[in-house]
Amino acid sequence: MAFNNMKDLQLTPSRGSGVSNAVDLEDVRLLDHYEASGASLEDGIRNSRRIQVSVGGMTCAACSNSVESALFAVNGVFHASVALLQNKADVVFNPDLIKDADIKSAIEDAGFEAEILPEANSSRTIPNKTLLGQFNIGGMTCAACVNSVEGMLRELPGVTRAVVSLTTSLGEVEYDPSVVSKDGIVNAIEDAGFEASLVQSSEQGKIILEVAGIFGDLDAQSLEGLLCHIKGVLQFRFDRNSRELEVCFDSEVIGSRSLVDAIEEASGGRFKLSVKNPYARMTSKDLEESSKMFQLFTSSVYLSVPVFLIRVCPHVPVLYPFLLWRCGPFLMRDWLTWALVSLVQFVIGKRFYVAAAKALRRGATNMDVLVALGTSASYFYSVCALLYGAATGFWSPTYFETSAMLITFVLLGKYLESLAKGKTSDAIKKLVELAPATALLLVKDKGGKCLGEREIDALLIQPGDPLKVLPGTKVPVDGVVLWGSSYVNESMVTGESVPVLKEVEAHVIGGTMNLHGVLHIQATKVGSDTFLSQIINLVETAQMSKAPIQKFADFVASVFVPTVVFMALFTLLGWYIGGVTGSYPQSWLPENGNYFVFSLMFAISVVVIACPCALGLATPTAVMVATGVGAKHGVLIKGGDALERAQKVNYVIFDKTGTLTQGKATVTTAKVFTGMDRGEFLRLVASAEASSEHPLAKAVVEYARHFHFFEPSETKDSQKNDKDSGWLLDVSDFIAVPGRGVQCSVDGKHVLIGNRKLLTENGMSIPKHIEKFLVELEEGAQTGVLAACNNVLIGALGVADPLKREAAVVVEGLCKMGIRPVMVTGDNWRTAQAVAKEVGIHDVRAEVMPAGKAEVVRSFQRNGSVVAMVGDGINDSPALAAADVGMAIGAGTDVAIEAADYVLMRSNLEDVITAIDLSKKTFSRIRLNYIFAMAYNVIAIPVAAGVFYPSIKLSLPPWVAGACMALSSVSVVCSSLLLRMYKKPRLTSILEITVE
């Protein structure tokens with residue numbers, strides 16, 4: 001594996017292609033060669049300070065070297081790095097020995113100008129941010145391993161968060177790249193005794209390519225030479241075995257597609273490159289692991305079956321004389337058995353010894369320790385029995401087959417477990433498959449004229465690219481329609497089954513299916529920014545998160561293995577002492593056996609039948625399947641903790657506008673109270689409301705536009721078009737008053753538009769006839785909007801927002817489930833109560849400011865109740881964050897979605913019930929898994945220890961105990977997989993839901 005390392009980073013790469021150690025180049029800038037050469041220096045010095053200095057007067061490399069030499073000559077300077085092009089120096093020093101002024105003086109004494117840069121710019125040489133890295137971790141077998149890795153990662157300097165999943169063998173680490181690099185994290189995991197590699201991170205300017213056309217070392221060297229001469233390439237690594245090329249590049253200089261094109265063009269078409277999808281790489285690794293486990297299992301079977309047959313069926317006519325042939329001190333059957341079992345024990349079973357040794361070295365224990373201990377006891381006892389028989393002539397029975405069959409069954413369990421765990425990630429695999437592999441790029445000249453089209457890898461699409469989408473093909477990325485008209489099926493992403501018409505300026509989602517016409521679109525979001533990628537990331541993050549109930553399994557796992565070993569020793573001593581003291585008859589012993597052998601078999605059975613894996617898999621597998629099932633039904637769950645809290649919900653608080661209602665407000669009434677012309681009144685009101693994002697404001701503008709032009713707006717940018725068309729008046733001093741309305745100046749007139757409070761707070765009174773008009777509107781579930789000009793109330797509008805058709809059914813369904821619905825709104829009391837009455841909600845909180853919604857949530861939480869909040873707008877985000885379970889409507893704002901724990905993609909209130917019902921089903925399954933895992937160990941260990949042997953002669957041979965252990969974890973995973981059969985409650989059956 002070759003790695004091209006830039007010793008002194010320049011704007012263009014150095015032309016050498018020397019091979020050196022790998023260097024992390026995340027967020028590389030000109031000063032960042034400090035990170036490459038000595039990032040660990042500052043980490044290793046506790047009392048250090050780091051500053052950046054602006055240096056003037058440098059004209060060449062000799063000048064920068066002079067500044068560096070002058071800085072290094074100062075006593076107390078640990079590190080100094082000078083960038084000629086940026087005219088900056090980066091200095092790490094001991095503040096107890098020197099001060100900032102000494103650094104400045106040293107540079108000035110060298111003949112240059114110096115200025116200490118402010119702390120905000122000098123705290124580090126890379127942007128002040130953390131990166132999120134996903135690492136593939138191999139060698140974990142149980143919850144104890146997960147605890148060990150998580151604990152080690154959280155202790156690393158610079159790591160702010162670490163979550164490890166046993167089911168996916170993935171670890172998600174949030175870290176500060178200025179303190180610890182990806183390679184440092186990988187090395188730390190490997191030092192702890194596990195295998196590790198980076199899957200992907202939030203780092204920009206990096207691409208992994210698969211290269212075709214490499215047939216030998218000369219080709220590889222040619223590729224490396226090409227890369228060294230491509231402007232913008234900072235670093236690369238080519239793996240000659242996997243043919244994978246990893247390139248770090250300056251995205252300001254060269255883009256990913258330009259990079260691929262440059263390599264293919266420079267090679268004359270000899271090399272063909274394709275982008276490696278990180279999810280596809282992860283899937284291939286899963287398949288590789290399953291394949292490897294199957295090979296080990298089949299090899300163990302081939303070697304173990306003859307040993308088993310020699311033991312149970314020795315009188316085969318043809319082979320019997322051969323097996324009884326004495327060769328040296330032993331019979332041939334003993335030689336064959338010993339040889340075959342040794343291969344199983346130390347070649348095939350090597351992985352157990354290696355993993356156990358690594359675990360013990362770091363002071364931890366896991367299932368590998370139990371397997372290694374149990375099989376070793378059986379194997380080495382059998383070897384000692386053979387040698388003792390050869391020396392004394394007293395031949396004790398051997399148990400070689402126990403060791404071989406134990407390893408075989410454990411490997412079978414591991415193989416079945418890997419297959420079952422692979423099924424739990426089907427949801428992500430299906431989401432990944434939604435995105436097309438290729439796209440049609442429209443090639444245009446500088447004038448925008450289309451010259452042709454070319455097929456490119458979809459992962460190489462860049463923002464702004466014009467793309468062509470043919471009928472029957474998938475939209476490659478998120479974008480906006482430039483030309484054409486077609487219906488697009490968005491059901492695979494949003495859950496809506498009805499195709500959506502897409503015309504010019506309409507937004508399209510990557511992964512959706514274009515049904516009829518040809519579309520030309522412009523890419524707006526690519527890579528990890530696309531809607532589909534965000535869903536995948538959300539599901540993946542949720543699958544890796546831990547539910548609080550998992551803490552129980554983590555605690556049990558930490559003490560499980562030592563407890564089992566103690567119980568095995570107790571079993572060994574109990575049976576042995578009981579035999580020596582005559583507590584049980586000698587007839588219980590096997591033929592030619594003794595008390596030690598009899599006791600040892602029980603002890604080995606105890607060691608191998610105990611299974612910490614079943615406990616460790618009980619929660620994460622269920623959470624993983626549930627989040628995938630939720631995504632399939634349009635419910636995105638952000639974590640296991642949210643999934644656990646949702647099943648305990650006592651109250652569901654609904655926002656009114658856009659949540660219980662359709663969010664498509666329409667003006668039903670417009671009344672003028674002065675002599676102003678109706679058209680002028682609407683024009684004045686629309687001019688003021690055009691700058692507001694409130695749904696009621698948009699309804700007012702739409703109504704006024706329709707009044708003037710007799711046609712509805714056709715695009716989402718209608719308000720912008722309205723302003724450009726000139727029919728709206730000039731507005732200044734616009735102020736949006738939360739929970740009140742807006743105030744501004746329209747053509748020099750002071751205008752107020754909003755509710756009663758806005759007008760009264762500005763010193764205006766509301767006449768009785770206008771108040772009566774407002775009351776009639778509000779009792780009809782409409783919102784009254786008052787308009788005043790120069791402190792004169794000139795008119796009012798009635799705005800209605802129809803209820804969603806499923807709202808009343810969902811509210812009644814929640815009541816049937818024993819959950820109390822509550823409505824909270826900033827609207828007035830009469831309108832709120834009218835809407836609540838129509839939908840069936842009895843607990844109403846009206847005229848609540850955005851911050852007050854969060855206080856309403858807390859008021860219910862004070863008595864220990866679990867509260868869910870359902871909302872869609874920015875004003876709902878404080879309440880969504882304050883609630884135990886926040887549910888954001890998928891059509892809502894990004895802020896609301898970010899603050900929520902659940903995202904209801906279809907914007908359908910039925911999914912509130914689906915979310916709660918899925919949570920209850922999931923945790924019923926988790927409890928069942930725990931009951932099985934605990935019951936298995938509680939029952940199996942006493943049986944293996946021989947508790948029932950004196951009464952009913954029930955005992956488990958070690959190899960049978962091993963089979964039980966292997967199948968226990970598989971059964972827990974399969975139990976979790978039954979959640980894939982989940983059916984969400986139908987609309988017709990919601991009202992039949994009763995309290996459990």
R0 of 51 Å, Cβ-Cβ distance residue 761-residue 212: FRET efficiency to nearest 0.05: 0.10
Links that overshoot a 20 Å alpha carbon limit, given the list 638/920; 837/920; 768/853; 292/414; 648/984; 921/984: 837/920; 768/853
Solvent-accessible area of residue 683 with every protein chain in place, 1.4 Å probe, in Å² to the nearest 10: 60
Chain lengthening between residue 295 and residue 732 when straightened (0.36 nm per residue, less Cα-Cα): 149.8 nm
Average Cα contact separation per residue, the stretch 462-526, under 8 Å, 6 or more apart, as relative contact order %: 52
In Å², nearest 10: area of residue 706 left accessible to a 1.4 Å probe: 90
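Students often get this wrong, so check it: of 429/664; 206/429; 276/446; 350/953, which have C-alpha atoms separated by over 28 Å?
Details: 429/664 36 Å; 206/429 23 Å; 276/446 31 Å; 350/953 35 Å.
Checking Cα-Cα distances, 429/664; 276/446; 350/953 exceed 28 Å.
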Probe 1.4 Å, all protein chains present, accessible-area order of 932, 78, 271, largest first: 932, 78, 271
Global geometry of the stretch 131-280, whether rounded, prolate or oblate, following the gyration tensor of its Cα atoms and the 1.5 cut on a/c: prolate
Solvent-accessible surface (1.4 angstrom probe) belonging to residue 228, in square angstrom, nearest 10: 0
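Multiply the residue gap between residue 243 and residue 155 by 0.36 nm, knock off their C-alpha separation, and tell me the result in nm, one decimal place.
Numbers: separation 88, 0.36 × 88 = 31.68 nm, distance 3.53 nm.
Contour length minus the Cα-Cα distance gives 28.2 nm.
Among the chymotrypsin sites (Phe, Trp or Tyr not before Pro) in the stretch 174-233, which ones are in a DSSP loop with at most 13 other Cβ atoms within 10 Å of the Cβ? Mind listing them? Could the numbers behind the result be given before it?
Details: sites: 175, 194, 215; in loops: 194, 215.
Within the stretch 174-233, the qualifying chymotrypsin sites (Phe, Trp or Tyr not before Pro) (loop, at most 13 other Cβ atoms within 10 Å) are 215.
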Accessible area per residue in Å² at 1.4 Å probe, computed on the stretch 607-675: 24
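Using heavy-atom solvent-accessible surface (probe 1.4 Å) with all chains present, what is the largest-first order of 820, 830? Show your work: numbers first, answer last.
Details: 820 120, 830 95 Å².
Largest accessible area first, the list is 820, 830.
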Three-way shape label, the stretch 791-878, alpha-carbon gyration tensor, a/c 1.5: oblate
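Using a 1.4 angstrom probe on the protein heavy atoms only, line up 837, 350, 104 by accessible area, largest first.
Result of the area sort, largest leading: 837, 350, 104.
The values are calculated or read from the model by the stated rules, or taken from the named source; none is laboratory data. The shown structure was predicted, so the numbers you read here are calculated from the model rather than taken from an experiment. Note that we place each Cβ from the backbone using ideal geometry, even for glycine, and neighbour counts take in every protein chain shown. Ligands, DNA and RNA are stripped out before the accessible areas are found, and what is left, the full protein with its side chains, is counted by its heavy atoms. Shrake-Rupley method; radii C 1.70, N 1.55, O 1.52, S 1.80 Å.
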